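Structure, as structure tokens:
The values are calculated or read from the model by the stated rules, or taken from the named source; none is laboratory data. Just so it is clear, the structure is predicted and the values come from calculations on it, not from any experiment. For neighbour counting, all protein chains shown are included, and Cβ atoms are generated from backbone atoms with ideal geometry for every residue, glycine included. Side chains included, ligands, DNA and RNA excluded: accessible areas come from the protein's heavy atoms. Shrake-Rupley method; radii C 1.70, N 1.55, O 1.52, S 1.80 Å.
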Amino acid sequence: MRKKVIAGNWKMNKDLNESQSLVSGIISGLGNDDKCDVIVCPPFTSLSEVHSLIKDTPVKLGAQNMYFEDSGAFTGEISPLMLKSVGCEYVILGHSERRNIFGETDEVINKKTKKALEKELKVIFCIGESLAQREDGVTNDVVKNQIINGLDGISADDMKNIIIAYEPIWAIGTGKTASPEQAQEVHSFIRGLISEKFSSETAENLIIQYGGSVKPDNASSLLSQPDIDGALVGGACLKADSFLSIIASA
Ligand code: PEP
């Protein structure tokens, strides 16, 4: 039985004080409840402070991005070991905002994924189609390509440290959610692909999160689908009460 994983992607929100107060609210609402795994992904500038607040709690820390080199002349970039040094266990890679605004290709995301795993960071690997692609009926082809190219050279053993987040781009930050049935259909397709590419055991153990306007009022119906193992939450993770309510649904 897969344990549900709820992750909050704070994006470019929350300065240091705001981060401390948000994470304090999450910790106090959660207590020692570890029925599902909870990950918070603040901006880089808050990682260290958030880590000192969560370190004796069940909440885990993730970053929103990283570069695929260890160190060097890469102005403005952050390495996986830097993330580990401030307490990160996870890193989000391939988010559609990274792909679309910052031009990250499957090849770049593949390099980042390999480097993160090499340095023992777990990866939340994001994929998903645009509205035009869904309307053209190519959703499965798009997610298949993102998986085949983005996970090129990754072993079944590596897959133990990867979460796939299916995030239809048309549902991110738009208030439009994929229906539980639409999301389940793609999640089941993804699990089938992983089974073909790796093994049925790898597919059975893989956590596949849904992301795209998950809110307290739609979380239960999404999370009750058999292949939806958690959520990657944007807007609704910026207030402790709404994030806690999504966690409670899980
Ligand atoms: C996200 O950015 O990963 C996301 C799912 O955002 P939102 O929940 O705001 O749609």
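Scanning the stretch 212-250 for residues that are touching an Asp or Glu at 6+ places or on another chain (Cβ under 8 Å) and within 11 Å of the ligand (Cβ to nearest atom) turns up Gly212, Leu232. Is it the case that some residue within the stretch 179-197 is in a loop (DSSP other than H, G, I, E, B), within 15 Å of the ligand (Cβ to nearest atom), crowded, with 16+ Cβ neighbours inside 10 Å and not aromatic (Phe, Trp, Tyr)? The answer is no, given that none of the residues of the stretch 179-197 is in a loop (DSSP other than H, G, I, E, B), within 15 Å of the ligand (Cβ to nearest atom), crowded, with 16+ Cβ neighbours inside 10 Å and not aromatic (Phe, Trp, Tyr).
Scanning the stretch 212-229 for residues that are of a type in the set (Gly, Ala, Ser) and either part of a helix (DSSP H, G or I) or in contact with a Cys (Cβ under 7 Å, 6 or more places away or on another chain) (or both) returns Ala219, Ser220, Ser221. There is no residue in the stretch 36-48 that is small (Gly, Ala, Ser) and within 17 Å of the chain's Cα centre (by Cα).
Please determine whether any residue of the stretch 11-24 is away from the ligand (no atom under 14 Å from the Cβ), touching a Cys at 6+ places or on another chain (Cβ under 7 Å) and in contact (Cβ under 8 Å) with a residue 40 or more places away in the chain. No, because not a single residue in the stretch 11-24 is away from the ligand (no atom under 14 Å from the Cβ), touching a Cys at 6+ places or on another chain (Cβ under 7 Å) and in contact (Cβ under 8 Å) with a residue 40 or more places away in the chain. Of the helices (runs of 4 or more DSSP H) lying entirely inside the stretch 46-142, those containing at least 3 residues that are within 14 Å of the ligand (Cβ to nearest atom), open to solvent by 20 Å² or more (accessible area, probe 1.4 Å) and within 22 Å of Ala171 (Cβ to Cβ) are 96-101. When restricted to residues that are part of a helix (DSSP H, G or I), more than 16 Å from the ligand (Cβ to nearest atom) and open to solvent by 10 Å² or more (accessible area, probe 1.4 Å), the stretch 143-158 contains 5.
Tally up the residues in the stretch 215-250 that are of a type in the set (Val, Ile, Thr) and open to solvent by 10 Å² or more (accessible area, probe 1.4 Å), please.
The qualifying residues number 1.
Given the options Asn110, Asn140, Asn145, Asn161, name the one that is at pLDDT 95 or above, touching a Lys or Arg at 6+ places or on another chain (Cβ under 8 Å) and polar (S, T, N, Q).
Details: Asn110 fails: touching a Lys or Arg at 6+ places or on another chain (Cβ under 8 Å); Asn140 fails: touching a Lys or Arg at 6+ places or on another chain (Cβ under 8 Å); Asn145 fails: touching a Lys or Arg at 6+ places or on another chain (Cβ under 8 Å).
Answer to the selection: Asn161.
Give the stretch 198-211 a look and list any residue that's within 16 Å of the ligand (Cβ to nearest atom) and either in a loop (DSSP other than H, G, I, E, B) or among the aliphatic types (A, V, I, L, M) (or both), or say none.
Within the stretch 198-211, Ile207, Ile208 meet the criteria.
Looking at the stretch 1-45, which of its residues are aliphatic (A, V, I, L, M) and open to solvent by 30 Å² or more (accessible area, probe 1.4 Å)? Answer for the stretch 1-45, where residues must be aliphatic (A, V, I, L, M) and open to solvent by 30 Å² or more (accessible area, probe 1.4 Å): Met1, Met12, Leu16, Ile27.
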